[in-house]
Amino acid sequence: MNKKLKVGIVGGGGIARGVHIPNYLKHSDKVEVIAVTDIVKKTAEDCAEMFSIPHAFTDYKEMFRKCDLDAVSVCTPNKFHAEAAITALEEGCHVLCEKPPAINVAEATAMANAAKENNKILTYGFHFRFSPEVRTLKRFTDAGDLGEIYAASIQAVRRRGIPGWGVFTNKELQGGGPLIDIGVHMLDAALYLMDYPEPESVFGATYQKIGNRKGVGLMGDWDWENFSIEDMARGMIRFKNGATIMLETAFAANVEKDDVMNVSLMGDEGGADVFPLKIYKEIHESLIDISPAYLPKKGYHELELESFINECLTGEESPSSPEQGIIIQKIINGFYESARTGEAVKIEG
């Protein structure tokens, strides 16, 4: 296909500058980034200047009026995902929206409906799906080498990794803390490897024990006086097929390692840890550990953007669907509701 994909960026901050725009520009034979918008004029203009983007706006609706776009990356705080994504879809654009899908289930559902009604791609920035570890293990799980995966555990835990920049500690703009920011990555990876089973119930607890006071920050000094999110979340998800996931995620915890991101799967024919990848089997009356001798080194984000570009240009099926976005949003919001009430929350179909 000779046509270049014309891309607009909604939100000109760190994730746009560090991930989306640089990886679009690696495919200059296929992609043109022609506009960026941010509610802060200087941010939009600085971003445009940094990457030689022709147009900068403070209102994405003006961007759609003045620019002929094929696709959009939504890189705003979580609160603004739904409105920006739905507007882009209604304007005839494919959308790559940063995770999580939205703030609540109603928004995620409206986004999915807009994609369907306008026959456009809507996918989410779950870049750990594109890691060589997950991609490799997915081939094993699809082939049945782990059998029925009936249990999993997830860790996304930092020792003192509260972000000292942006709006990550603002519940109104983000919807939550580590669960919705880093925990959601490992949750999506686990669900993807388990073929996204339908959730039945969630029981969770959240804690605010460290982030609301001064402390040593390994990711800069955080705004402890206005800290409105959880600094830890723990709980269990039960699925309609009987499987369960134990989840633990934290921006700040008194643990040994600075940062742990991992998924462990247990099936009736084998198990696995994902980061680093190791598979556990019983073969020929022996307990065997299997580790890959080599995994590709290409970056997760680079592969994610490559996939989105190809989806837009060729109609290739996206590995992250709007329907999966609704499922993960149901789990996240059910988790927070359970933490609020102290009771298990049934996930409605």
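The values are calculated or read from the model by the stated rules, or taken from the named source; none is laboratory data. Everything numeric here is computed off the predicted structure, so don't read it as measured data. Cβ placement follows ideal geometry from the backbone for every residue including glycine, while neighbour counts extend to all protein chains displayed. Ligands, DNA and RNA are stripped out before the accessible areas are found, and what is left, the full protein with its side chains, is counted by its heavy atoms. Shrake-Rupley method; radii C 1.70, N 1.55, O 1.52, S 1.80 Å.
Note on region 260-300: among residues that are touching a His at 6+ places or on another chain (Cβ under 9 Å) and at pLDDT below 95, the one that is farthest from residue 138 (Cα to Cα) is 299. Residues in region 313-349 that are in a helix (DSSP H, G or I) and of a type in the set (A, V, I, L, M, F, W, C) were compared, and the one that is surrounded by the most Cβ atoms within 10 Å (Cβ to Cβ) is 335. Pairs meeting the criteria (first residue in region 96-121 and under 22 Å from residue 349 (Cα atoms), second residue open to solvent by 20 Å² or more (accessible area, probe 1.4 Å) and acidic (Asp, Glu), beta carbons under 7 Å, at least 6 apart or on different chains) are 112/323; 114/90.
Residues of region 87-105 being closer than 21 Å to residue 229 by Cα and either acidic (Asp, Glu) or open to solvent by 10 Å² or more (accessible area, probe 1.4 Å) (or both), which ones? Steps first, answer last, please.
Restricting attention to region 87-105, the residues satisfying the condition of being closer than 21 Å to residue 229 by Cα are 98-105.
Across region 87-105, the qualifying residues are 98, 99, 103, 104, 105.
Every listed requirement among (1) touching a Ser or Thr at 6+ places or on another chain (Cβ under 8 Å); (2) crowded, with 24+ Cβ neighbours inside 10 Å; (3) farther than 30 Å from residue 217 by Cα; (4) of a type in the set (Gly, Ala, Ser) is met by residue 84 save one, (2). Within the set 112, 48, 35, the sole residue that is surrounded by 24 or more Cβ atoms within 10 Å (Cβ to Cβ) and either at pLDDT 95 or above or outside any loop (DSSP other than H, G, I, E, B) (or both) turns out to be 35.
Region 124-230 holds helices (runs of 4 or more DSSP H) entirely within its bounds, and those carrying 1 or more residues that are of a type in the set (Phe, Trp, Tyr) and crowded, with 20+ Cβ neighbours inside 10 Å map to 184-193.
Considering region 1-32, the residues that are in contact (Cβ under 8 Å) with a residue 60 or more places away in the chain and open to solvent by 70 Å² or more (accessible area, probe 1.4 Å) include one that is nearest to residue 75 (Cα to Cα), namely 26. Residues in region 253-311 that are crowded, with 17+ Cβ neighbours inside 10 Å and of a type in the set (Val, Ile, Thr) were compared, and the one that is nearest to residue 22 (Cα to Cα) is 309.
A residue that is touching a strand residue (DSSP E or B) at 6+ places or on another chain (Cβ under 7 Å), among the charged types (D, E, K, R) and farther than 24 Å from residue 83 by Cα can be found somewhere in region 2-22.
Please verify whether region 277-289 includes one or more residues that are in contact (Cβ under 8 Å) with a residue 40 or more places away in the chain, farther than 26 Å from residue 118 by Cα and aliphatic (A, V, I, L, M). Yes: region 277-289 contains one or more residues that are in contact (Cβ under 8 Å) with a residue 40 or more places away in the chain, farther than 26 Å from residue 118 by Cα and aliphatic (A, V, I, L, M). Considering (1) open to solvent by 10 Å² or more (accessible area, probe 1.4 Å); (2) in contact with a helix residue (DSSP H, G or I) (Cβ under 8 Å, 6 or more places away or on another chain); (3) assigned to a loop (DSSP other than H, G, I, E, B), the lone condition that residue 119 does not fulfil carries the number (2). Cβ separations smaller than 7 Å between residues 6+ apart or across chains give the following pairs from region 65-78 residues that are touching a residue at least 40 places away in the same chain (Cβ under 8 Å) and among the hydroxyl-bearing types (Ser, Thr, Tyr) to residues that are open to solvent by less than 10 Å² (accessible area, probe 1.4 Å) and part of a helix (DSSP H, G or I): 73/16; 73/20; 76/84.
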